[in-house]
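J.: I have a structure here, written as structure tokens, and I will follow up with some questions on it.
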Amino acid sequence: MLHRTLGTTGPQVSALGLGCMGMSALYGDADRTESIATIHAALDAGVTLLDTGDFYGMGHNEMLIGEALRTAPAAHREKALTSVKFGALRDPDGGWSGYDGRPAAVKSFAAYSLQRLGVDHIHVYRIARVDPDVPIEETVGAIAELVEAGHVRHIGLSEAGADTIRRAASVAPIADLQIEYSLLSRGIEERILPTCRELGIGVTAYGVLSRGLISGHFGRDRQLAANDFRGMSPRFQGENLQRNLDLVDALRKVAEDRGATVAQTAIAWVLSRGEDIVPLVGARRRDRLQEALGALDLTLDTADLAAIEAAIPAGSASGARYPDSQMTHLDSEH
């Protein structure tokens, strides 16, 4: 397993992390046994970074990871690092009610996460979306107090814009920014990524396969389950979907020339963007995990990168990455 360091102050982690959200929520039903087997397979392969959120399935995902860690070999368990997002408010019907970054809430969220995960500390802790009603300095300050108390090791951010990143970094060292970054989502390249690099902050990139859209496995006639949020995602709608899948067809030609899959090529592209970037792959099954890990063996040269750029030029995605109601919560888009 290759390794990368999250910024100048963060931990060393595997070059690919495992995003566990889909094992509990938002992508339709998942198989619990296969999910745990996939986490075990990831740990066995040397993946050390497990990413979750306390609101994924209203605690289900953290408990799932906790079970996987308890039943994993001790050597793997000791190397596992947890990256946890907090702050998203849910209701009993699964709805969303905003975000809470108040210091007292930060510490309460952490207490429940530690219990569900069955650990005595969280390696990287971050608010999922910036709370517009609470200065980021206060939220980060509360996490810094958790660091001082030993409950958290490092402070992260999620979907924060350049100005917010600077304000947060003025309070305490920031290990990494978690944000969507893929061939279809390159908005961070203009201001956010340069700001992170100036401040020595790493990037954990989620959505590297655009929620399966550029995985090579999403067909034009695929029917999504009622509890799959992609059914409301603009990029998966009507003509947007067709145009985006045309881009995937172009990328498939590049992948085939390299003897790789579409998913491996898309992940390898994110890996190629810098040693300070760690892609998170959202594999829910062992076969998808194994495919994703193959990206680590794919080195893209200048010609490959040019061919990929020609297949999916920057800004060519059709549709926003979230519905309008969710885009308003993205500090990174303002």
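J.: So for region 142-213, Kirkwood radius off the Cα pairs, Stokes-Einstein at 10 °C and 1.306 mPa s: how many µm² s⁻¹?
T.: Working: Rh = 12.9 Å.
Answer from the Stokes-Einstein relation: 123 µm²/s.
J.: In Å², and per residue, what accessible area does region 1-137 have when probed at 1.4 Å with the other protein chains present? Don't jump to the answer; show the numbers that get you there.
T.: Details: 5530 Å² over 137 residues.
It amounts to 40 Å² per residue over region 1-137.
J.: If you don't mind, there's one more thing I want to ask. Rounded to a whole number, what is D in µm²/s for region 243-318 from Stokes-Einstein with the Kirkwood radius over alpha-carbon pairs (37 °C, 0.692 mPa s)?
T.: Working: Rh = 12.8 Å.
Roughly 256 µm²/s, to the nearest whole number.
J.: How would region 57-107 be classified by its alpha-carbon gyration tensor: rounded, prolate or oblate, with rounded meaning a/c under 1.5 and the a/b versus b/c comparison settling the rest?
T.: Working: a/c = 4.15, a/b = 1.92, b/c = 2.17.
Oblate is the answer for region 57-107, as a/c is 1.5 or above yet b/c matches or exceeds a/b.
J.: Now for a different question. Quote the relative contact order of region 14-77 in percent (integer), defining contacts as alpha-carbon pairs under 8 Å separated by 6+ residues.
T.: On the way: 69 pairs, mean separation 25.2, N = 64.
Reported as a whole number, the value is 39 percent.
J.: A further question on this structure: At q = 0.10, 0.11, 0.14 Å⁻¹, what log₁₀ I(q)/I(0) does a Debye calculation on the Cα points of the chain give, no solvent, two decimals?
T.: Rounded to two decimals, the profile gives -0.54, -0.66, -1.14.
J.: With the convex hull built on the Cα atoms of region 136-266, state its orientation-averaged projected area in nm².
T.: 10.5 nm²
J.: Hey, any idea what the orientation-averaged projected area of the convex hull of region 193-334's Cα atoms comes to, in nm²?
T.: Values: hull surface 38.0 nm².
Result: 9.5 nm².
J.: Considering only protein heavy atoms, with the full assembly of protein chains and a 1.4 angstrom probe, order Y99, Y56 by accessible area, largest first. If you can, show how the numbers build up before the last one.
T.: Details: Y99 50, Y56 20 Å².
Largest accessible area first, the list is Y99, Y56.
J.: With both partners inside the chain, how many of the DSSP beta bridges are antiparallel, as a percent to the nearest 5? Write down the numbers at each step before the final one.
T.: Details: 7 of 34 bridges.
Around 20 percent antiparallel, to the nearest 5.
J.: Can you tally the net charge around Q237? Count Lys and Arg as +1, Asp and Glu as -1, for every other residue whose Cβ sits under 11 Å from the Cβ of Q237. Intermediate results must be reported in sequence, preceding the final value.
T.: On the way: positive: R230, R235, R243; negative: E239.
With Lys, Arg at +1 and Asp, Glu at -1, the net is +2.
J.: According to the Kirkwood expression over distinct Cα-Cα pairs, how big is the hydrodynamic radius of region 1-122, in Å? All intermediate terms of the calculation are to be shown ahead of the outcome.
T.: Values: mean 1/r = 0.0665 Å⁻¹.
The Cα-based Kirkwood calculation yields 15.0 Å.
J.: While we're on this one: To the nearest 20 debye, what charge dipole does region 121-275 have about its Cα centre, counting +1 at the Cβ of each Lys and Arg and -1 at the Cβ of each Asp and Glu? Don't skip to the end; give the middle numbers.
T.: Values: 18 positive and 21 negative charges, 108 e Å.
Result for region 121-275 is approximately 520 debye, rounded to the nearest 20.
J.: Of all alpha-carbon pairs in region 56-180, indicate the percentage at a distance above 16 angstrom. Present the calculation step by step, with values, prior to reporting the outcome.
T.: Details: 4703 of 7750 pairs.
Here the tail beyond 16 Å accounts for 61 percent of pairs.
J.: Just to be sure I understand: if I project the alpha-carbon convex hull of region 30-82 onto a plane and average over all orientations, what area do I get in nm²? Working shown, then result.
T.: Details: hull surface 13.0 nm².
Spelled out: convex hull of the Cα atoms, projected over all directions, averaged, 3.3 nm².
J.: So, one more: Test of understanding: express the Cα radius of gyration of region 190-263 as a ratio to 2.2 N^0.38 Å, with N the residue count. Mind showing how you got there, number by number?
T.: Working: Rg = 15.5 Å, N = 74, 2.2 N^0.38 = 11.3 Å.
Taking N as the residue count of region 190-263, the ratio is 1.38.
J.: Once amide H atoms are built 1.01 Å from N in the peptide plane, which residues 5 or more positions from L177, or in another chain, come under 5 Å H to H?
T.: L157, G202, V203, T204
J.: Which values of log₁₀ I(q)/I(0), to two decimal places, follow from the Debye formula for region 111-165 at q = 0.16, 0.21 Å⁻¹ with a uniform point scatterer at every Cα?
T.: -0.49, -0.79
J.: If you roll a 1.4 Å probe over the chain with all protein chains in place, what percent of the accessible area is carbon or sulfur?
T.: 50 percent
The values are calculated or read from the model by the stated rules, or taken from the named source; none is laboratory data. Note that the coordinates shown come from a computational prediction; the quantities given were computed from them, not determined experimentally. All Cβ positions, even for glycine, are placed from backbone atoms using ideal geometry, and neighbour counts span all protein chains on display. Areas reflect the complete protein model, heavy atoms only, side chains present, ligands, DNA and RNA absent. Shrake-Rupley method; radii C 1.70, N 1.55, O 1.52, S 1.80 Å.
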